[in-house]
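Bear in mind these aren't lab numbers, they're just calculated from the coordinates by the rules spelled out. The structure displayed is predicted, hence computed values, not measured ones. Positions of Cβ are backbone-derived with ideal geometry, glycine not excepted, and every protein chain shown enters the neighbour counts.
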Amino acid sequence: MTFPLNVHLENYFQCPIWYADCPSFVSELNKYSDPYIKKSKQNKKNIKNDIGEVFHSTTLIGDNNFVDLQSYVLKTCNNLLNEMGFDLTNYQLFLTEFWVQEFAKKGGGHHSLHTHWNGHMSGFYFLKASKKTSTPVFEDPRPGNLMNLLPQKDNTKVTHASSQIVYDVKPGRMIFFPSYLPHQYTVDLGKEPFRFIHWNCQAIPKGVINVFQKK
């Protein structure tokens, strides 16, 4: 019995994640985020112990203090969707959600595994983070693969057998990913502050936009 000498590998149906370090927004946006986080904590003033809490702001869309980051995010998401091969000629990209959140000072803050419905691109911008804080974890979005996974040889290496990817974070790091990608946040131990901005974008057909504008 003979075996092929040259076996060619081709990867299809890949799921991209992008990251960049853009620290220029951190200082100002931390300052502008403070009132939102303070108000969120006030809304939970009956809580005697904040262990396990995550403090979410109201929407930041429309706040001029965040407009530069929002513009940066929208333009980048548009470029990335084009890079993925999508034709956006007849679509316009909108921010549907944009908010800041902070995990409890005493620890325990986390997010369970989830996706973002009715969206096309999501992401994070970290304002307060370190190697001692929570980290984002991305899960393989292919349920068929998860059903039939074999044991990994070495789970410290990223291979085709990996089902989770963990990202290190720091202030100024920005991560973009398709909204269908399941993600979660590990339990924060409360050793150092952890705060980040989260967003979701949706591409809407221009014909639909025109109908609503005429009304």
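Mean sequence separation of contacting Cα pairs (under 8 Å, at least six apart), scaled by the length of the chain, corresponds to a relative contact order of 32 percent.
One decimal place: the segment residue 153-residue 71 gains 25.2 nm when fully extended, by the rule 0.36 nm per residue minus the C-alpha distance.
Test of understanding: extend the Cα→C-beta vector of residue 140 to 7 Å, then name every residue of region 151-185 with backbone N under 16 Å from that spot. What the label zone holds, given the 16 Å backbone N cut-off, is 151-166, 181-183. Spacing of the modelled spin labels on residue 114 and residue 82, each 7 Å from Cα toward Cβ, amounts to 3.2 nm.
For region 83-184, chymotrypsin sites (Phe, Trp or Tyr not before Pro) meeting the loop criterion (DSSP other than H, G, I, E, B) and having at most 11 other Cβ atoms within 10 Å: 117.
Here the Gaussian network model covers the chain, with springs between Cα atoms less than 10 Å apart; of 23, 151, 205, 151 fluctuates the most. Ordered by the count of other Cβ atoms within 10 Å of each Cβ, fewest first, 77, 15 give 15, 77. Give the shape of region 1-87 as rounded, prolate or oblate, defined through the alpha-carbon gyration tensor: a ≥ b ≥ c are the square roots of its eigenvalues, a/c under 1.5 means rounded, and otherwise the shape is prolate if a/b is larger than b/c and oblate if not. Here region 1-87 falls in the prolate category. Ignoring lysines fewer than eight residues from residue 157 along the same chain, the ones with Cα atoms less than 20 angstrom from its Cα are 131. Of interest is the spacing of the C-alpha centroids, which for region 79-97 and region 7-45 amounts to 19 Å.
The value of relative contact order for region 26-130, using C-alpha pairs under 8 Å at least six residues apart, is 41 percent.
Placing one equal scatterer on every Cα of the chain and applying the Debye formula, the log10 ratio I(q)/I(0) at q = 0.09 Å⁻¹ is -0.44.
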